[in-house]
Amino acid sequence: MNTAAATIEFLKSNDLVITTAESCTAGKIVTLLSEVAGGGAFIDSGYVVYSPEAKQRLLNVRAYTIETFNLTSCEVAREMAQGALRDSEADVAVATTGILGPDDMDGIPAGTVCFAWAYRGPQGLCLFSRKERFIGSREQVQLYAAVHALERLPYFYERAVAGERG
C-alpha cells in the first residue's frame, strides 16, 4: 500500500477529515490523497499559498511572523496549519513551506522544508512542527516533502491523542 492509500485508510479508521495549506508542495499532498479511490470523502480542502500576501490573506499568517522568522520557518508553517483549520470543518491540517531549489535562498539551503501538523481534538488544538532537508531536483524535493507530510501524520496524531504538544 502506498503512503497516500495508507493515509486515507488511517483517516477513515480514525474518522478524520483533512485540510492542507501548501506552499512549496503546491497541492501535491491533496493530489496524492485524491488519487486514492474514495479519498475525496476524507478531504475537506486544500490551500495553495505561495506568496506572503496569500498566506496572510487566506490563512491569517501574521506579517510579523514572516518578517521575524522568514517564509521558510516552522513558525510560518504552524500559522498556516492553524489558518487552514480555522476556516474548515476538518479535524487535521498539514502545512508545508520551503525552498525546492536548485539554489539556496536567504541563507536557507535548497531542499529545506518546514512542516506543521494541527489536530482539533477534545483538549483543543494540538500543533506540531518540524524542519527537514531533502536532496534532489525540484520535483523530487516536492514529492519527498509531500510524502513525508503524509507519513508523519499518524505519528503526530497519536501524540495529540496522548495530550502532547510540540
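Under a 10 Å cutoff between Cα atoms, tell me which one of N14, N60, N70 has the largest fluctuation in the Gaussian network model of the chain.
Of the options given, N14 has the highest mean-square fluctuation.
Tell me, what ³J(HN,Hα) does each residue in the stretch 123-137 have, in order and in whole Hz, if you take phi through Karplus 6.51 cos²θ - 1.76 cosθ + 1.60 with θ = phi - 60° and put x for Gly and Pro?
8, x, 7, 10, 9, 10, 8, 8, 10, 10, 10, 10, 10, x, 5
With N denoting the number of residues in the stretch 3-161, provide Rg(C-alpha) divided by 2.2 N^0.38 Å, to two decimal places.
It is 0.96.
What angle, in degrees between 0 and 90 and rounded to the nearest 10, separates the Cα long axis of helix 74-86 from the longest principal axis of the Cα atoms of the chain?
It is inclined by approximately 40 degrees.
By how many nm would the segment from L125 to D106 lengthen if fully extended, with 0.36 nm per residue of separation less the alpha-carbon distance?
Taking 0.36 nm per residue and subtracting the Cα distance, the gain is 3.7 nm.
Among the trypsin sites (Lys or Arg not before Pro) within the stretch 62-166, which fall in a DSSP loop and have no more than 11 other Cβ atoms within 10 Å of their own Cβ?
R165
Between helix 138-161 and the chain, what is the angle of the helix's C-alpha long axis to the longest principal axis, kept within 0 to 90° and rounded to the nearest 10?
With both axes taken from Cα atoms, the answer is about 50 degrees.
State the three equivalent ellipsoid semi-axes of the stretch 86-166, derived from the C-alpha gyration tensor as the square roots of 5 times its eigenvalues, in descending order and whole Å.
Taking √(5λ) for each eigenvalue gives 27, 11, 11 Å, largest first.
Provide the net charge surrounding P52, with neighbours chosen by a C-beta distance below 14 Å and charges set as Lys +1, Arg +1, Asp -1, Glu -1.
Taking every other residue near P52 into account, the sum is -2.
Please work out the FRET efficiency for the pair A37 and E67, using the Cβ-Cβ distance as r and a Förster radius of 45 Å; give the result to the nearest 0.05.
0.55
Do you know the relative contact order of the chain, to the nearest whole percent, from alpha carbon pairs under 8 angstrom that are 6+ apart?
Relative contact order of the chain: 23 percent.
Among T20, T31, T68, T7, what is the fewest-to-most ranking by other Cβ atoms within 10 Å?
With the sparsest Cβ surroundings first, the list reads T68, T31, T7, T20.
Quote to one decimal, in nm, the extra length available between E132 and R159 on full extension: 0.36 nm per residue of separation minus the C-alpha distance between them.
Going from the current span to full extension adds 7.8 nm.
Readers should treat all values here as calculations from the given coordinates under stated rules, not as data from a laboratory. Worth saying up front: this structure is predicted, and the values here are computed from it rather than measured. We place every Cβ from the backbone using ideal geometry, glycine too, and count neighbours over all the protein chains shown.
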